[in-house]
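Asks: I'd like to ask you about the structure that follows.
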Amino acid sequence: PLGEAPPPPPSRRAVVLEDLRSKGHVVANGGRYGGDYVCYEGHPDSCHSSETVRVVGEHERLEAADVAAYCRVQGNVSKRAVFAAVDPASHDVLYVGWAFDAQLSRDPLKRLERRFARKIQDDSKLSVEAAAGDGLGPEDCARLTVAQLREALEARGLDATGLKAALQVRLYDALTAMETS
């Protein structure tokens with residue numbers, strides 16, 4: 001009828017959701033990962049989500065620290081970090097994304113650091129005195145300096161070369177091996 005107001009335009013999120021679905025993605029809520037949507041290339045039961053999409057406004061200012069934090073979270077869960085903006089006139093969607101660097105996850109030092117962190121969490125209640133008589137237990141490895149780590153390793157007749165993460169893992173392994181033997 002005459003004089004009726006036109007329907008309101010669709011929200012940015014609705015436009016992005018429709019666009020993602022039209023591109024063949026299976027889309028789910030992305031709040032768990034700090035985004036608006038997560039996209040799957042197949043059924044969620046049969047594959048890992050490949051990207052997290054965060055919808056931004058046309059005049060929204062993105063701070064570098066916020067972008068870095070969002071990308072870091074996505075990298076830690078093996079997803080591509082994507083920002084989506086909608087042109088208000090045409091409803092076209094522009095996507096800007098950063099991919100997870102799988103090479104970084106294969107970095108031996110990073111693997112050692114993650115392994116050490118997991119071991120400390122798993123065995124945080126362990127405390128046994130070392131055979132070297134220095135009173136060190138597995139939980140002490142995280143607080144020692146590089147010089148202290150080297151000294152403790154040398155006292156046990158172990159290799160004392162390498163970076164801090166490697167030294168921590170080596171000493172931790174020695175201390176936990178002693179308690180299980």
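The values are calculated or read from the model by the stated rules, or taken from the named source; none is laboratory data. Quick caveat: nothing in here was measured; it's all calculated off a predicted structure. Note that we place each Cβ from the backbone using ideal geometry, even for glycine, and neighbour counts take in every protein chain shown. Accessible surface areas use protein heavy atoms only, side chains included; no ligands, DNA or RNA. Shrake-Rupley method; radii C 1.70, N 1.55, O 1.52, S 1.80 Å.
Asks: Would a scan of segment 119-140 turn up a residue that is polar (S, T, N, Q) and modelled with pLDDT of 85 or more?
Replies: Looking for residues that are polar (S, T, N, Q) and modelled with pLDDT of 85 or more, one finds none in segment 119-140, hence no.
Asks: From the set of residues in segment 61-99 that are of a type in the set (Val, Ile, Thr) and under 21 Å from the mean Cα position of the chain (by Cα), which is least open to solvent (accessible area, probe 1.4 Å)?
Replies: It comes out as Val82.
Asks: Separate question: Among the strands (runs of 3 or more DSSP E) lying completely within segment 28-99, list those that include at least 1 residues that are touching a strand residue (DSSP E or B) at 6+ places or on another chain (Cβ under 7 Å) and farther than 15 Å from Glu18 by Cα.
Replies: 51-56, 80-86, 93-98
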